Each structure stands twice: as structure tokens, then as C-alpha cells.
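A.B. asks: Have a look at the structure that comes next, please.
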Amino acid sequence: MTTTGANTPAAATGTHGVPAAHPGPVLKCLVWDLDNTLWQGTLLEDGEVTLPDTVRDVVVELDSRGILQSVASKNDHETAWARLERLGIADYFVLPRIGWGPKSDSVRRIADTLGFALTTVAFIDDQPAERAEVAHHLPEVRCYEAEAAPFLPARPEFAPPLQTVDSRRRRQMYQAGFRREAARAGATGPDEDFLRSLELDMRIGRATGEELSRVEELTLRTSQMNATGVHYSDADLRRLLTDPGHEVLVVTLTDRFGPHGAVGVLLLERHPDVWHLKLLATSCRVVSFGAGATVLNWLIDEAARAGVHLMADFRPTERNRMMEIAYRFAGFLDGDPCSCGAALARAAADGLQRLHLRPAPRPASTTIRVGAVDLARRRSGPGTRAVHTGAAPSRPS
Ligand SMILES: [Zn+2]
């Protein structure tokens, strides 16, 4: 495409509403100016400002697509934030920067705090000089004129390819994350006390197509801890959803601050005497909560109740050392002689180890409540979801 990006002089100086665009990568965050961009009027001069319905609709629509929104405005912080609250839209904005510093600083800090590349951040402002200032210092950031606001949702760079339950509530997940981090920073005493204070609640259930999309998104958005080091494509996993010999399980996590979303996936093949763990992947975001170890602990307890052994595919990679430790800590052994391995197909990939475990009942986690599908009881039919909640306290040990 030979057309120009949003940062071209034409766009920055503002002649027409929508810049002719090379859309670039899909955007993850839009930073709004307030006066005569988000709302009409200059707050400190006019006192009254109005929020056009068209702009309100854009804010709501982008939010529902999982695009985060923030504010970079030269205004009095308290006055401007109070006005956003009165307009009923303050909750839509994360990490607002309202003050008198350069807007390029504000945009950069917002991107840094979110951990987003500048190429995925956009800025909208009615003032050509402000757009030029941001474009000069942050050439990767795409800048839009205020007049373009109503047309943004129609632009391809504002249309993420995949929308899931997690993208629809991405803002709440980030807001919960900020509150959680603040609580962690303020916490004193042992880490275990802090973890317990989070009231972590893990759900492990059979995946549906929609939930697999959440996992796929997790693999797209965050780097992942793939415990097996063996890759399964989304299409492979979808095919196995209806295979009675396989279990595809999705792990979600919530705490008192809000949802973490889908944080893990397991692929298990059932044999009469052994369950074969072919894939275990968890999000890096929840490693510090002990999520991987909790999933393994739950699986071992289920296998003990079902009277089967466990065999886990494992291939060491540079990035899954933490999970190797979790396997060893859980009691998995390499080269453990046992006849159950004969039931398994030969390892398909080079360098693949088969880690073996003879399960015994495990005590429930003291920091994460687990509510999970009852794997020990055979599935009675496709689509049956025997999720029992609050399993941890009532689990026989
Ligand atoms: Zn065995």
C-alpha cells in the first residue's frame, strides 16, 4: 500500500476528517485529548462542556472491542476528572494523565505502564501543534484529528481480529491489575499472606469453542509458559474438543480485585490405566500466584481418585524451566519403569521426555480455591459439564 499513515503531515496538520491510511498494526490503546476532542468546549474557560452522543458511542464501542482508552489533557486534573465522572464515562479511561506536561510524555508513560509498544498506541487531539509534538517525539504513535473520532471504529486498525469474553472486559482486567499491584506494593509480611488475601478462585472446565478463542488470545497477547514445549495449533485443539478420548480443559482465575481471564490450557488423553498430559500451558501473568503448580496438584489428585497413573510430555526449552521445576516438585520422574507407558503412542517429536507419576491424593492449595470438572468420573456424554464449585474444602483427601 502506498497511501500515507496517520502521522503524515496531511494528517498532522489536519485538512480532512480521516487520514488516508496505511492502517498499520491493530491498536491496543487510544489516548484522548479532552477539550474540543472528547467533549465540545474548553472546560477551564467555558465552564460547561458537552459530550456528543457520537463520541460517547465511539468510547463504548472501542471499549467493547478490548481497546484500552486513556486521557492526555492539559487541564486541572480534579476539575477534568470530576467532569468525566459527571458525564458518566470516567470508568472507561485507564491511567489518565491530566496536567500541564508535554503530551508526548503522557502518551509514552501510558504506553510504558501498560507494557504496550508505541506502534499499538494512538492519540487523538484537535490541536495540530499537540499532534505534531507527539508525532515528533513518538513517530510510531498514530495521531488522529478530533474530526476523525466518529469514524475510528470503521477503520481497520481499530478492529481486532478476535473478540472474546476476555477482550470485552480487558479494561476491567487491567483496572483490577492496577489495584492488585498497588495492594502487593503495600503488603508487608510473607508472600503467602498476600496471596491468601487475594482470595484467588480457579476454575478448571472442559473447553468450549469460545473458551478456546480466549486461550488463543492469551497466546497472542502474552508470552506463554508452555510446560510441555510441544506446540498444538488452535485447529488441533478444536478437533479434539469432540474426541471422547481427549480432554481439552481451560483454566480461568479470578480474585477479589477482578478477573484474570483465561490463564491456562491442558490437553489430556485418557487411557484405562494412565492419563497422558500432552499439553500444559499457563500465562506468565499468573506464575507468581502458583497457578501452574496448583493445576498440577489438582490433576494429580484427580488421577489418584480415578486410580490411574500420569504421564506428561515434556521438552525442555529456554523458557519453561519454571514448569520443569514444578513437574519435579510435584513428583514426576524421568525414566520411571512402568508398564503403563506401553499404552501411549510413541513420542512424535525428538527430545521429548515422558515424565511419569504414580499419584497419591493431594491436599488442596492453601492459597487458591479450585472449582473443577470431575475428571475421575467418566464423561456421560458430549458437552456434559460437571463443574462443582468450592471443590477444595469438600474434596476427600
Ligand atoms: Zn505408570
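The values are calculated or read from the model by the stated rules, or taken from the named source; none is laboratory data. All values reported here derive from a predicted model rather than from experimental measurement. Virtual Cβ from ideal backbone geometry, glycine too; neighbours counted across all protein chains shown.
A.B. asks: Can you tell me how many residues within segment 58-91 are under 20 Å from Val121 (Cα atoms) and at pLDDT 95 or above? Outline the logic, then answer.
C.D. replies: Step one: list which residues in segment 58-91 are under 20 Å from Val121 (Cα atoms), which gives 58-74, 90-91.
After this cut, where a residue has to be at pLDDT 95 or above as well, the list is 58-63, 67-74, 90-91.
The total comes to 16.
A.B. asks: Then there's this: Go over the candidates Asp126, Asp63, Asp112 one by one and state the one that is loosely packed, with under 14 Cβ neighbours inside 10 Å and of a type in the set (Asp, Glu). Walk me through it before giving the result.
C.D. replies: Working: Asp126 fails: loosely packed, with under 14 Cβ neighbours inside 10 Å; Asp63 fails: loosely packed, with under 14 Cβ neighbours inside 10 Å.
Result: Asp112 is the single residue among Asp126, Asp63, Asp112 that is loosely packed, with under 14 Cβ neighbours inside 10 Å and of a type in the set (Asp, Glu).
A.B. asks: Would you check which residues across segment 301-313 are of a type outside the set (Gly, Ala, Ser) and closer than 11 Å to Leu277 by Cα and list them?
C.D. replies: At the first step, the residues of segment 301-313 found to be of a type outside the set (Gly, Ala, Ser) are 301-302, 305, 308-311, 313.
Across segment 301-313, the qualifying residues are His309, Leu310, Met311, Asp313.
A.B. asks: Looking at segment 324-333, which of its residues are within 16 Å of the ligand (Cβ to nearest atom) and touching a residue at least 40 places away in the same chain (Cβ under 8 Å)?
C.D. replies: To start, the set of residues in segment 324-333 that are within 16 Å of the ligand (Cβ to nearest atom) comprises 327, 330-333.
The answer is Tyr327, and nothing else.
A.B. asks: Ok, one more. Return a yes/no flag: does segment 136-151 have any residue that is modelled with pLDDT of 95 or more, surrounded by fewer than 20 Cβ atoms within 10 Å (Cβ to Cβ) and over 22 Å from Leu34 (Cβ atoms).
C.D. replies: Yes, because at least one residue in segment 136-151 is modelled with pLDDT of 95 or more, surrounded by fewer than 20 Cβ atoms within 10 Å (Cβ to Cβ) and over 22 Å from Leu34 (Cβ atoms).
A.B. asks: Kindly indicate whether Thr384 is modelled with pLDDT under 80, more than 16 Å from the ligand (Cβ to nearest atom) and surrounded by fewer than 16 Cβ atoms within 10 Å (Cβ to Cβ).
C.D. replies: Criteria met by Thr384.
A.B. asks: So Ser394 clears everything in (1) modelled with pLDDT of 85 or more; (2) hydroxyl-bearing (Ser, Thr, Tyr); (3) exposed (fewer than 15 other Cβ atoms within 10 Å of the Cβ) except one condition, right? Which one?
C.D. replies: (1)
A.B. asks: Right, something else. Inside segment 304-323, can you point out the residues that are in contact (Cβ under 8 Å) with a residue 60 or more places away in the chain and either within 16 Å of the ligand (Cβ to nearest atom) or not hydroxyl-bearing (Ser, Thr, Tyr) (or both)? Even if it seems obvious, please write down each step before you answer.
C.D. replies: First, the residues of segment 304-323 that are in contact (Cβ under 8 Å) with a residue 60 or more places away in the chain: 305-306, 312-317, 319-320, 322-323.
Passing the criteria: Arg305, Ala306, Ala312, Asp313, Phe314, Arg315, Pro316, Arg319, Asn320, Met322, Met323.
A.B. asks: Can we say Glu133 is over 14 Å from Cys29 (Cβ atoms) and buried (at least 22 other Cβ atoms within 10 Å of the Cβ)? Full working, then the answer.
C.D. replies: Values: over 14 Å from Cys29 (Cβ atoms): yes; buried (at least 22 other Cβ atoms within 10 Å of the Cβ): no.
No.
A.B. asks: Take the residues of segment 334-381 that are within 16 Å of the ligand (Cβ to nearest atom) and small (Gly, Ala, Ser): which is modelled with the highest pLDDT?
C.D. replies: Filtering first and then ranking leaves Ala360.
A.B. asks: Looking at segment 174-217 only, could you name the residues that are modelled with pLDDT of 90 or more, buried (at least 17 other Cβ atoms within 10 Å of the Cβ) and aliphatic (A, V, I, L, M)?
C.D. replies: Matches in segment 174-217: Ala176, Leu195, Leu198, Leu200, Met202, Ile204, Ala207.
A.B. asks: When you go through Asn297, Asn320 one by one, which is the residue that is closer than 20 Å to Glu192 by Cα and either touching a helix residue (DSSP H, G or I) at 6+ places or on another chain (Cβ under 7 Å) or assigned by TED's automatic domain parsing to the domain that holds His260 (or both)? Even if it seems obvious, please write down each step before you answer.
C.D. replies: Values: Asn320 fails: closer than 20 Å to Glu192 by Cα.
On inspection, the qualifying residue turns out to be Asn297.
A.B. asks: Can you give me the ranges of the strands (runs of 3 or more DSSP E) entirely in segment 95-167 with at least 2 residues that are hydrophobic (A, V, I, L, M, F, W, C)?
C.D. replies: Details: elements: 97-99, 121-125, 142-145.
Correct list: 121-125.
For (1) closer than 16 Å to Arg196 by Cα; (2) more than 16 Å from the ligand (Cβ to nearest atom), each residue gets a yes or a no:
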position	(1), (2)
Val251	no, yes
Thr254	yes, yes
Val265	no, yes
Leu268	no, no
His271	no, no
Leu277	no, no
Ser283	no, yes
Ser288	yes, yes
Gly292	no, yes
